1. Taking a threshold of 26 Å on the Cα-Cα distance, which of the pairs Lys111/Lys146; Lys151/Lys180; Lys146/Lys200; Lys151/Lys177; Lys23/Lys231 fall above it?
2. Taking the chain as the reference, fit the longest principal axis to its C-alpha atoms, fit the long axis of helix 114-126 to the helix C-alpha atoms, and give the angle between the two in degrees, 0 to 90, nearest 10.
3. Probe radius 1.4 Å, ligands and nucleic acids left out: which of Cys107, Cys58 has the largest accessible area, and how do the rest follow?
4. Remind me, relative contact order of the chain in percent, using alpha carbon pairs under 8 angstrom and six or more residues apart?
5. Suppose all protein chains stay in the model; what accessible area per residue would a 1.4 Å probe give for the stretch 86-171, in Å²?
6. In a GNM of the chain with a 10 Å cut-off on Cα contacts, which of Ala278, Ala36, Ala140 has the highest mean-square fluctuation?
7. Could you state how much accessible area His179 has, in square angstrom rounded to the nearest 10, with a 1.4 Å probe and all protein chains kept in place?
8. What FRET efficiency do you get for Lys180 and Gln155 if R0 is 25 Å and r is their Cβ-Cβ distance, rounded to the nearest 0.05?
Amino acid sequence: MFYNTGIATYIWVLTNRKQEHRKGKVQLIDATKWYAPLRKNLGKKNCEFSSEHIRKICDLVISFVENEQSKCLPNEAFGYWKITVERPLRLRVDLSEASLGSFRQVCKKEKEGALIGVIESVAKKLGPGPHLDFNAFLTAVETDAKENSVKLTPQRVNFLQASLGHKDETAQPIISKVHKPGKIRANPLYGKYEREINGKKCVIEYEPDPELRDTEQVPLLEDGGIEPFFKREVLPYMPDAWVDESKTQIGYEISFTRYFYKPEPMRTLEEIKADILALERETEGLLEDILD
């Protein structure tokens with residue numbers, strides 16, 4: 001339609017004065033197969049709409065009917081929820097002498113000498129490991145740090161994760177928040193799990209692993225919304241996953257391919273075989289000719 005370009009062309013017809021039967025709907029018209037060749041190319045332009053093609057398009061717009069070239073869909077058909085799928089961070093802790101030696105060097109470099117004595121004391125109590133429950137390890141560190149008047153700040157907790165923690169799928173998920181009973185309702189879909197800690201039921205949240213983060217697009221017309229989609233498409237493959245509700249967004253996308261694409265049937269084995277045999281006949285003796 002436009003000169004000197006071979007890209008696909010879309011014509012948008014927008015109005016705020018829709019007829020009642022058009023409100024809340026979008027009509028898509030595929031006119032890619034309607035064209036007439038030009039006698040002489042104009043740049044990259046080698047075809048155009050004839051008067052008959054323009055009349056057909058106008059008739060479809062006016063009639064607002066569904067057929068192979070026209071699709072009338074509700075606005076929601078193009079919408080989706082973009083959800084962020086999280087999985088828990090799982091770390092094991094190695095307190096062997098070799099690991100402690102590396103930890104001492106890192107502490108000196110980062111000026112965290114106060115943690116050396118705490119971790120060495122914890123290593124004597126827990127043993128070299130490996131320890132697959134970072135939560136239990138951190139509890140032991142908090143206890144020892146309190147006894148030795150060492151303040152265990154969030155920055156120091158992150159430092160311990162980075163310097164002593166090693167990712168391990170068999171390790172226990174790291175707990176990031178513990179909510180008091182009755183303060184918040186459990187909802188595993190959104191990462192709120194009911195657990196028992198020290199004999200008391202509570203709701204916990206796990207720390208997400210940024211490297212395992214993923215996104216999914218859930219159609220707005222999905223029957224039941226996000227939950228059935230998540231249970232069907234995500235949980236069977238990632239049972240420990242949840243949705244970060246704070247990151248959910250709504251978007252829209254109009255894809256002509258989705259509604260008008262018709263896959264071409266694959267060739268039969270007989271046709272492929274015939275082509276191969278024909279190619280062999282064409283190349284028969286070619287190698288000898290080249291060598292001669």
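1. Distance filter (> 26 Å) returns Lys23/Lys231.
2. Once rounded, the angle reads 80 degrees.
3. Heavy-atom accessible area, descending, gives Cys58, Cys107.
4. Averaging sequence separation for qualifying contacts and normalising by length gives 24 percent for the chain.
5. 56 Å²
6. The residue that fluctuates most here is Ala278.
7. Taking all protein chains as shown, His179 has close to 30 Å².
8. 0.50
The values are calculated or read from the model by the stated rules, or taken from the named source; none is laboratory data. In this text, all values refer to a predicted model and were calculated from it rather than measured experimentally. All Cβ positions, glycine included, derive from the backbone under ideal geometry; neighbour counts span all protein chains shown. Surface areas here come from the heavy atoms of the whole protein model, side chains and all, with no ligands, DNA or RNA. Shrake-Rupley method; radii C 1.70, N 1.55, O 1.52, S 1.80 Å.
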